[in-house]
């Protein structure tokens, strides 16, 4: 190899990590690479809505379950070491950006999750939660990372491009139209039986299954986005099972009661109560 | 989710009329009920199916001498173990002639 060839090869090795799926070694670097901070200057209301949603707390709201997966599942039941590949079973939905973390950072995040739940020191717990809160399902995750439903056929999302249902051009960033984002299937990537990168199916969430097999199969035609975003101008708050008004919208009550007297001669006062619980949602209730 | 029906008689006695629970029962591959989402492989569906009305009927005798009762229906939703949302509460007054 000539010295020019050697120099080119050496430069290539330096450039490749930056250009082809960089790996990040700290939570801050990873969070910065996926930062939603610049989105709010133009999309303030959407950003505020998202900030109040559970998508913005997708790790810290689910700490107990993820901690149990690490400590009980990996540690006790499967007797497996904590690794990025194993952690991605949870994180490919709870913080998909972790795919771009180094192995060491993934292990560090697993440690933070355990600390946030188990540590006796409240200060350490709070510090761990603060760090973990930087990783979530944010603008970049939905409008880029998760947008390609057929990436093996049509390719992965393009770096730096924001995909949306309308694909309206913006001077701030490249935009492309994504019809997939209006489908229930888009949400079903995580809100249904999920296949993480290791290929094992997880029954962590079953909503999309009951949507298809219960709701659509019985004539329902609305999508997740119709009820959880468009109706009532709910937008990017994505309200669900934790919002009483949302649950009330989904369950109707028909209450009938009659007073009768039973047992001729004794005439015992008796109540006959008929209840109808009307599931108006697009999935079974309760569901997860 | 829990449906509870109670009656409070004119004498102040509270009589449980009926209770039903609706939930997804997660099972592992050996048929054990498991809580961790990562452990569950099958779901026994004890929920309210979409686009359907689930009907319940309760018949209960009240103490002799009751002349009226307030029948109360309460529907409570539990999105998490320690989180409780009262979705519906309704009362009907019944009189025994």
Exercise. Take every Cα-Cα pair in chain B and report what % of them are more than 22 Å apart.
Key: 47
Self-check item: Gap separating the Cα centres of the range A:262-276 and the range A:161-213, nearest whole Å
Solution: 53
Self-check item: Packing-based exposure ordering (other Cβ within 10 Å, fewest first) of A:204, A:227, A:42
Solution: A:42, A:227, A:204
Practice problem: Report, in deg cm²/dmol and to the nearest 500, the calculated mean residue ellipticity at 222 nm for the protein assembly as shown, where each DSSP H run with n ≥ 4 adds -39500 (n - 2.57) and the sum is divided by the residue count. | Solution: -7000 deg cm²/dmol
Practice problem: May I ask for the angle, rounded to the nearest 10°, between helix A:3-19 and the longest principal axis of chain A, with both axes built from Cα atoms and the value confined to 0 to 90°? | Solution: 20
Quiz item: Averaged over B:30-41, how many beta carbons belonging to a partner chain fall within 10 Å of each residue's beta carbon?
Solution: 5
Exercise. Mind running the shape call on the range A:202-258? Use the C-alpha gyration tensor, a ≥ b ≥ c as the square roots of the eigenvalues: rounded below 1.5 for a/c, prolate if a/b tops b/c, oblate otherwise.
Key: oblate
Quiz item: Most mobile of A:78, A:50, A:267 per a Gaussian network model of chain A (Cα springs, under 10 Å)?
Solution: A:267
Practice problem: Using a 10 angstrom cutoff on alpha carbons, build the Gaussian network for chain A and name the most mobile of A:195, A:270, A:183. | Solution: A:270
Quiz item: For chain B, what's the relative contact order in percent, using C-alpha pairs closer than 8 Å and at least 6 residues apart?
Solution: 29
Quiz item: Once both axes come from the Cα atoms, what is the angle between helix A:122-132 and the longest principal axis of chain A, in degrees from 0 to 90, rounded to 10?
Solution: 70
Quiz item: Which angle between 0 and 90 degrees, to the nearest 10, do you get for helix A:103-118 versus the longest principal axis of chain A when only C-alpha atoms count?
Solution: 40
Quiz item: If you count the DSSP beta bridges with both ends in the protein assembly as shown, what percent of them are antiparallel, to the nearest 5?
Solution: 90
Self-check item: Whole-number D in µm²/s for chain A (Stokes-Einstein; Kirkwood sum over Cα pairs; 20 °C, 1.002 mPa s)
Solution: 97
Quiz item: In percent, how large is the relative contact order of chain A, given Cα pairs closer than 8 Å and 6 or more residues apart?
Solution: 15
Exercise. Stick to the Cα atoms of the range A:233-277, pair each with every other, and give me the Kirkwood hydrodynamic radius in Å at one decimal.
Key: 13.9
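Going by C-beta contacts inside 10 Å, put A:261, A:234, B:51 in order with the fewest on the left.
A:261, B:51, A:234
If neighbour count is taken as other Cβ atoms inside 10 Å, put A:89, A:284 in order from fewest to most.
A:89, A:284
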Quiz item: With chain A treated as a Gaussian network of Cα nodes joined by springs under 10 Å, which of A:256, A:80, A:225 yields the largest mean-square fluctuation?
Solution: A:256
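Read the figures in this text as sums done on the coordinates, not as results from a lab. This is a predicted model, so every value here is computed, not measured. All Cβ positions, even for glycine, are placed from backbone atoms using ideal geometry, and neighbour counts span all protein chains on display.
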